[in-house]
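Data block below; observations after.
The values are calculated or read from the model by the stated rules, or taken from the named source; none is laboratory data. Predicted model, so just to flag it, every value in this text is computed and none were measured. Using ideal geometry, Cβ is built from the backbone for each residue, glycine included, and neighbour counts are taken over all protein chains shown.
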Amino acid sequence: MLTGTHVSIEDPRNNDVLVYINGALVHRNDAKISVFDSGYLIGDGIWEAVRLHNGALVFIDQHLERLYAAAKSIGLDLKLSKQQLINEVNKVLLANYMNSDVHVRIMFTRGVKKTPSQDPRYTISGPNLVIIAEFKKASEEVKQKGITLFTSTIRRGSPDYLDPRLNCHSKLHEVQALIQALEAGADEALMLDQHGFVATCNSTNFFVVRNGAVWTSTGKYCMNGITRANVIDVCKKHQIEICEKDFSLFDVYSADEAFTTGTFGGLTPVIKIDGRIIGEGKPGLVTEKLSALYKGLIDQEVERFKNK
């Protein structure tokens, strides 16, 4: 069985979803974009992923704030306001008769180039916008069983050459880390920062639990995850000790619990890292408590969305 934080339950409805490309809705089999697109040529683009739950685009304000901050940081004018983008996403959801358990991926690239080149001055179109919405529900079996990690030799990048907070199309170093983990027999990769401290996983954020306290990295070398931020807030609100700090594999191997966070999977327990059993080798009590509190936060977000 395929195991990992992004494993979903198979849904035949995805065979016929309509994909949004620059205002047009086309069957997924006919969804195409130019080979001269900046994202395809050089990875020049940004993306965001959002969950649709009971009619609500959960934490959409936080997701769009991150997306537009990324666009500004790379000098990309998206040509749409946040509300206009939400309207386009809603068109996709409506066309596909979607209401819940949906994963929406929003992708912008700088546009089509006249010739293969890094130079943005060769771009001859406006930005390309692609929206893919699929019926995707996280596997409960994965959450009950937990996942395994392997510490990659590939480090998270320094902010001065590719800021880890940037959700960009250039994800090759994370893919390399994941391949190492898969070849080692694990489900996903744990990645260290430039100083050897624990940073994040290849596609999710990472937490450990020690003596009832929840630890995560400083955030300097990891993606600025929306779920990560919300879990930290939940801990503070419910008087659960939360520490954003430097810590090493020494602290990880001797932890009582570990889990990852991400938009798709929420909280996913980690039961083994580098062949070492974490805690009792099963989802821990603190992880289960935080999972329940996080689900409650989602329910609050749905109510807020409905009352807008």
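Out of 235, 201, 222, I need the residue that is touching a Pro at 6+ places or on another chain (Cβ under 6 Å) and either touching a residue at least 40 places away in the same chain (Cβ under 8 Å) or hydroxyl-bearing (Ser, Thr, Tyr) (or both). Which one? One residue alone meets the criteria, 222. Scanning the stretch 38-55 for residues being more than 19 Å from the chain's Cα centre (by Cα) and either in the same structural domain as residue 261 (by TED's automatic domain parsing) or surrounded by 21 or more Cβ atoms within 10 Å (Cβ to Cβ) (or both) gives a total of 1. Each residue in the stretch 253-308 was checked for being outside any loop (DSSP other than H, G, I, E, B), under 26 Å from residue 180 (Cα atoms) and of a type in the set (Phe, Trp, Tyr), and 2 pass. Here is the figure for the stretch 75-110: residues that are over 20 Å from the mean Cα position of the chain (by Cα) and assigned to a loop (DSSP other than H, G, I, E, B) total 12.
Of the residues making up the stretch 158-188, those that are more than 21 Å from residue 72 (Cβ to Cβ), touching a residue at least 24 places away in the same chain (Cβ under 8 Å) and of a type in the set (D, E, K, R) are 174, 187, 188.
Looking across the stretch 226-252, just one residue is over 19 Å from the mean Cα position of the chain (by Cα), assigned to a helix (DSSP H, G or I) and among the acidic types (Asp, Glu), and that is 251. Only one of the listed residues (278, 273) is in contact with a Lys or Arg (Cβ under 7 Å, 6 or more places away or on another chain), assigned by TED's automatic domain parsing to the domain that holds residue 156 and not hydroxyl-bearing (Ser, Thr, Tyr). That residue is 278.
In contact (Cβ under 8 Å) with a residue 40 or more places away in the chain and surrounded by 14 or more Cβ atoms within 10 Å (Cβ to Cβ): is that true of residue 213 in this structure? No. Filtered by the rule that a residue be under 18 Å from residue 25 (Cβ atoms), in contact with a helix residue (DSSP H, G or I) (Cβ under 8 Å, 6 or more places away or on another chain) and surrounded by fewer than 17 Cβ atoms within 10 Å (Cβ to Cβ), the stretch 56-85 gives a lone residue, 80.
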